[in-house]
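The values are calculated or read from the model by the stated rules, or taken from the named source; none is laboratory data. No experiment lies behind these values; they were computed from the predicted model shown. Reconstructed Cβ throughout: ideal geometry from the backbone, glycine too, with neighbour counts over all protein chains shown.
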Amino acid sequence: MSGKLNLMGKTLFDKIWECHIVKEIEEGPSVLYIDRHYIHEVTSPQAFRSLEEKNIPVFRPHQVWATADHNIPTQDQHLPIKDTLSAQQVQLLTENCRKHNIKLMGIGHPFNGIVHVIGPELGITQPGMTIVCGDSHTSTHGAFGCLAFGIGTSEVEMVLATQCLLQHRPKIMRIQIDGQLQPGVLSKDIILYLIARLSTNGATGYFIEFAGDTIRNLSMEARMTICNMSIEMGARGGLIAPDETTFTYLRNREFLSDEEWEKQLPIWKTLYSDPAASFDKEIRINAADISPMITYGTNPGMGVGIGDKIPLLKDVEASAQKDYRHALAYMGLNEGQAMNGLHIDYVFIGSCTNARIEDLRIVADFIKGKKKSEHVTAWIVPGSKQVAEQAEQEGIGTILRDAGFQLRQPGCSACLAMNEDKIPEGKYCVSTSNRNFEGRQGINARTILASPLTAAAAAITGHICDARMLL
Amino acid sequence: MTSKKLTNIISTAVPLPAENIDTDQIIPARFLKATHREGFGNHLFYDWRYNNKGALNPDCILNQPAWSGRILIAGKNFGCGSSREHAAWAIKDYGFDVIICSFFADIFRNNALNNFLLPLQVSEEVVQQLLQTVTAYPSLILEIDMAQTLLSVRELNLHLPFPMNSYKKSCFLNGHDDLAYLLSIKEEIKNFERNRPVYK
C-alpha cells in the first residue's frame with residue numbers, strides 16, 4: 001500500500017497510515033480516516049458556516065473536541081471579553097458546539113487551555129491515532145506516536161462532515177539522536193538546534209520520526225516540545241514511538257478509563273518502526289553537540305548556540321543575503337554580534353511549545369529566591385487550567401510571584417498576540433514560543449526564541465545569558 | 001464565496017522575491033477575527049503594504065501601479081508557518097489566482113488548492129528568471145493552460161509543464177472540491193468504521 005516492501009519492515013508512520021486508509025484515488029490522494037479532531041475559535045467558524053449553508057450535519061460529533069485558546073484574554077477571564085471580535089468568535093464557538101453536540105472546554109471550564117496542552121493531559125490523544133486541528137502545531141500530539149498534523153479551515157469542514165481528509169503520503173525522515181545532553185540543555189534546545197541545521201524548510205514534504213536514546217530518555221512534556229516545532233522545519237508532522245514513558249503518562253487521565261488503557265496497551269506496544277524499516281532520509285545527531293540555543297533572526301531556523309555570534313553576511317548563501325540583511329535590520333542586530341549580553345525588555349514563558357507543568361517547574365527551580373530584573377516585564381502563561389492549578393499546589397505560583405513574574409490565566413497569549421498580550425514596537429522579548437516571525441508578537445516586536453531555562457535566566461539578569469553560569 | 005473552477009489564465013504578474021514568506025506576513029494574526037471567508041484581501045500583506053500609521057508604503061511592490069495581475073511570483077517556501085487558511089483567502093480575495101514558486105509549505109499548498117488558488121511549482125531557476133524578467137518588464141504576459149498543465153511565456157520562448165495530479169486537475173477544470181468527493185463516498189467511510197483494520 002505504501003510502496004514499501006513488507007520484507008523490509010515498516011516504519012511507525014506506515015503502520016498507522018495504512019490502518020487509516022479508507023480508499024485510494026487513482027492518480028490522486030488517499031482518503032485518510034481521522035480519529036480525533038480538535039477545534040478552536042479562530043479556524044472553525046467559517047467551516048461551521050459553510051456546513052450550515054449546505055445543510056450538512058456534523059458526522060461524528062463525539063470525535064470532535066473544542067477549546068477556546070487563541071484570542072482569549074489571560075487576565076480576568078471571569079469577565080466578558082472586552083474585544084468585540086474576539087468575544088464574537090468565542091461566542092460562535094460556544095453556539096456551534098451546542099448546536100452540533102460537540103464537547104467544549106471553553107473559557108472558565110476546569111479543563112480549558114491551549115488545544116495542544118489539554119488534548120494530551122486529558123488522555124484524548126492516544127498512540128496510533130490520526131489527529132488533526134486547524135492549527136499547524138497539531139504536530140505536538142505526534143509525541144504519543146500519532147499521525148497528527150495541522151489543517152486549514154476547508155479541511156476542518158471536511159473532517160466535520162465526513163471524518164476524513166484527502167492526503168498524499170508524505171516522505172518519511174528519521175532523526176536519530178543519541179548520547180547524553182549537556183546539563184542545562186533542554187528539549188527546546190534540541191529542536192532549535194535541528195531547525196538551525198536543517199533550515200526552516202529542510203523537512204518540507206516529510207513526516208519526521210524522532211528516535212534514539214536521547215529521545216527515549218525525555219519526558220512526555222519534553223517530547224511534545226520537539227514534535228510541536230517539527231512544523232518549523234517545514235515537516236508535516238513529527239512522531240515518536242510510544243514506550244513505557246508514554247503509557248505511564250496516559251494512566252489516570254480524565255478521558256481515558258483504566259479499562260480502555262488496559263485494552264489498548266498491547267496494541268500500543270506494536271507501534272514502532274521495525275528494525276529493517278527504511279526511511280526516505282536519515283539524520284544522526286550526537287546529543288553532546290547541542291548547546292542552549294537562541295534565535296537572532298525572523299524565522300526559527302535563524303538560531304545559534306548561546307555562546308556563538310550571529311553569522312557573517314558573507315557566510316550566508318548569496319540568494320538569501322537580501323532577506324538576511326532585512327531580518328537583522330528588523331531585529332536591530334548586526335552580523336558577527338554576540339547574542340550573549342543583549343539587553344532585553346520582555347520575557348514570555350508560555351505557548352503550546354513550553355507551557356506545561358514541567359516547563360513551569362524548570363522556571364521555578366531556577367528563579368527560586370531570585371528577583372526578576374527591574375526593567376524586564378515577565379509573563380508566564382500556563383498552558384491549561386490544570387497546569388495552573390498544579391502550579392499553585394506545588395508552590396510554583398508563589399515562587400513566580402515572589403520573583404516578580406506575572407502569572408496569567410491559560411491561553412495562547414503573546415505567542416501570536418491575538419489578545420491584549422502584545423510586545424511593544426522595537427522591544428526585545430525572550431520567548432519560549434515557537435515563531436519569531438516579523439510582527440508575530442506585536443507590530444515590529446522583536447522575538448528571541450529560547451528554552452524556559454534561558455528565558456528565566458534572561459528575566460533575572462535583564463539580558464541574554466547562559467543560564468548554566470547561574471546554576 | 002470563492003469562485004470555483006480555474007481553467008486558462010493569461011495575465012501579467014507581480015514579483016515578490018523574498019524567500020520563506022510566512023503566513024503571519026501574508027495576513028497578520030490580528031486580522032483573523034472575522035467569521036466569514038470574504039474580505040481578507042484588504043489585509044493581505046498588511047504590514048508590508050501599510051506603515052504603522054496606516055499610510056500606504058510606496059516601497060511595497062503591491063502599491064506600485066506598474067505591476068499587477070492575477071499571478072504572484074515568490075521566493076521559495078512560500079506560505080510557511082501557521083495553518084491559517086485566511087492566508088489563501090486573502091490572496092484569492094485580493095485578486096490572485098496563481099502563485100508561482102519553486103516550493104510551497106505543505107499546509108499552505110493544500111489550503112490554496114482547496115480555494116482554487118493554483119500553487120504552480122517550477123524550478124528555482126525558472127522562478128529566478130521570471131522574477132528578473134517581470135521586475136524589468138512588468139507588462140510581460142504569462143499564460144497558464146490548466147488542461148495541459150502548461151506554463152508559457154512567449155517572449156521567453158518558455159513552455160513548461162507543471163506538476164498536478166489528475167484528480168486535482170479535474171477538480172480545477174470542473175469546479176469540484178474535496179468535500180463533494182468525500183460526501184459521495186460516505187457509505188464507504190461508514191463501512192470502514194465498522195471494519196477498522198489493526199496495526200501490522
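Summary table
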item: Every residue from region A:149-173 that is in contact with an Asp or Glu (Cβ under 7 Å, 6 or more places away or on another chain), outside any strand (DSSP E or B) and not β-branched (Val, Ile, Thr); result: A:Gly152, A:Ser154, A:Met158
item: Filtered residue count, region A:186-205, keeping only those that are surrounded by 24 or more Cβ atoms within 10 Å (Cβ to Cβ) and under 16 Å from A:Arg223 (Cα atoms); result: 9
item: Long-range neighbours under 7 Å by Cβ, at least six apart or interchain, first residue more than 8 Å from chain B (Cβ to nearest Cβ) and closer than 18 Å to A:Lys15 by Cβ within region A:161-175, second in a loop (DSSP other than H, G, I, E, B) and acidic (Asp, Glu); result: A:Lys171/A:Asp280; A:Ile172/A:Asp280; A:Met173/A:Asp280
item: Filter result for the condition that a residue is in contact with a helix residue (DSSP H, G or I) (Cβ under 8 Å, 6 or more places away or on another chain), aliphatic (A, V, I, L, M) and under 30 Å from A:Gln88 (Cβ atoms), over A:Ile460, A:Ile443; result: A:Ile443
item: Residues being at the interface with chain A (Cβ under 7 Å from one of its Cβ atoms), touching a Ser or Thr at 6+ places or on another chain (Cβ under 9 Å) and of a type outside the set (Asp, Glu) - total across region B:144-184; result: 3
item: Cross-chain or 6+ apart pairs with Cβ under 9 Å, region A:265-279 first and more than 18 Å from A:Gly128 (Cα to Cα) and outside any loop (DSSP other than H, G, I, E, B), then among the small types (Gly, Ala, Ser) and at pLDDT 95 or above; result: none
item: Test: residue in region A:7-14 that is closer than 30 Å to A:Lys385 by Cβ and within 12 Å of chain B (Cβ to nearest Cβ); result: no
item: Condition check for A:Asp345: modelled with pLDDT of 95 or more and either of a type outside the set (Phe, Trp, Tyr) or at positive phi (or both); result: yes
item: Which listed residue is in contact with an Asp or Glu (Cβ under 6 Å, 6 or more places away or on another chain) and modelled with pLDDT of 95 or more, from A:Pro266, A:Pro292, A:Pro242; result: A:Pro292
item: Selection count where residues are out of contact with any Phe, Trp or Tyr (no Cβ under 9 Å at 6 or more places or on another chain), of a type in the set (Lys, Arg) and either within 12 Å of chain A (Cβ to nearest Cβ) or in a loop (DSSP other than H, G, I, E, B) (or both), scope region B:32-57; result: 2
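Here is a yes/no grid of residues against (1) within 11 Å of chain B (Cβ to nearest Cβ); (2) buried (at least 16 other Cβ atoms within 10 Å of the Cβ):
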| site | (1), (2) |
| --- | --- |
| A:Val64 | no, yes |
| A:Gln75 | no, no |
| A:Cys97 | no, yes |
| A:Ile118 | no, yes |
| A:Pro127 | yes, yes |
